[in-house]
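To keep things clear, I will list the structure first and then write my remarks on it.
The values are calculated or read from the model by the stated rules, or taken from the named source; none is laboratory data. What you see is a predicted model, and the numbers here were worked out from it, not measured in a lab. No Cβ is skipped: glycine too gets one built from the backbone with ideal geometry, and neighbour counts run over all protein chains shown.
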Amino acid sequence: MKKILIDLAKFREKATNGEYNYGECSYDFHPYNIGMKDIVEQAMLHFTCRRCEDAPCIEVCPADALEKDDEGVISRATNLCIGCQSCVAICPFGTLTNRIITDKKSICDLCDFTDKSKPLKCMETSPEGAVSFTDIEPNDVENIYALNDKILIKEFRWDDLMRNE
Ligand code: SF4
Ligand code: SF4
């Protein structure tokens, strides 16, 4: 089954250059929704975050909006988050970015992409090559990991880099 492949390095490259662009969304009922922001946040928290033992982002949050699951993956309750960006400022590894962590919730509804002959709107409007269809299976060699059954993430996971040193 074809999946969507998201290359986090391509988004980061744009952020570093000051050209923030997380793509537009075809969600009809809320034109300002940018679903890709939600996906990139989930991907960063799953694969980029270093899962600090005494996570400073959780400690600093004045709204108790961040929590860790049993595997150490952080999640953000957007109904609690007030968008103060203290977590962005304190993260020692720059995992969180101020364009992603806002008090506005965007949702990707995983468009039904049955017609793979046409690119999705997020593919056309994200940085070139950052979002694409793929037949690739998740694999460590290419640094490709499954976020869910429809989305694969390409990212240099910090724990893999440490293991390979
Ligand atoms: S931006 Fe949201 S999650 Fe981050 S510290 Fe502020 S309230 Fe907490
Ligand atoms: S401080 Fe940064 S790296 Fe550490 S747990 Fe929080 S988001 Fe992850």
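Structure notes:
- Residue within segment 45-53 that is near ligand 2 (Cβ under 9 Å from one of its atoms) and over 29 Å from Val131 (Cα atoms) present: yes
Residue-by-condition table, conditions (1) modelled with pLDDT of 85 or more; (2) assigned to a helix (DSSP H, G or I); (3) touching a Gly at 6+ places or on another chain (Cβ under 9 Å):
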residue	(1), (2), (3)
Thr95	yes, no, no
Arg99	no, no, no
Lys105	no, no, no
Asp109	no, no, yes
Gly129	yes, no, no
Phe133	yes, no, no
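- Complete set of residues in segment 86-121 that are small (Gly, Ala, Ser), over 13 Å from the mean Cα position of the chain (by Cα) and within 16 Å of ligand 1 (Cβ to nearest atom): Ser86, Ala89, Gly94
- Where a residue in segment 13-28 is at pLDDT below 70 and its partner, wherever it lies, is among the hydrophobic types (A, V, I, L, M, F, W, C), with Cβ under 8 Å and at least six apart: Tyr27/Ile107
- Criterion: under 20 Å from Arg12 (Cα atoms), more than 16 Å from ligand 1 (Cβ to nearest atom) and more than 15 Å from the chain's Cα centre (by Cα) - qualifying residue of Glu137, Glu53, Glu124: Glu124
- Verdict on Ile153 being within 15 Å of the chain's Cα centre (by Cα) and either among the aliphatic types (A, V, I, L, M) or assigned to a helix (DSSP H, G or I) (or both): yes
- Residue in segment 124-132 that is within 15 Å of Tyr22 (Cα to Cα) and among the hydrophobic types (A, V, I, L, M, F, W, C) present: yes
- Ser75 vs. criteria among the hydroxyl-bearing types (Ser, Thr, Tyr), in contact with an Asp or Glu (Cβ under 7 Å, 6 or more places away or on another chain) and surrounded by 14 or more Cβ atoms within 10 Å (Cβ to Cβ): yes
- All of Cys49, Cys87, Cys81 fail the test of being farther than 25 Å from Asn148 by Cα and crowded, with 16+ Cβ neighbours inside 10 Å, apart from Cys87.
- Scanning segment 56-85 for residues that are within 11 Å of ligand 1 (Cβ to nearest atom), more than 16 Å from the chain's Cα centre (by Cα), at pLDDT 95 or above and at negative phi yields a total of 10.
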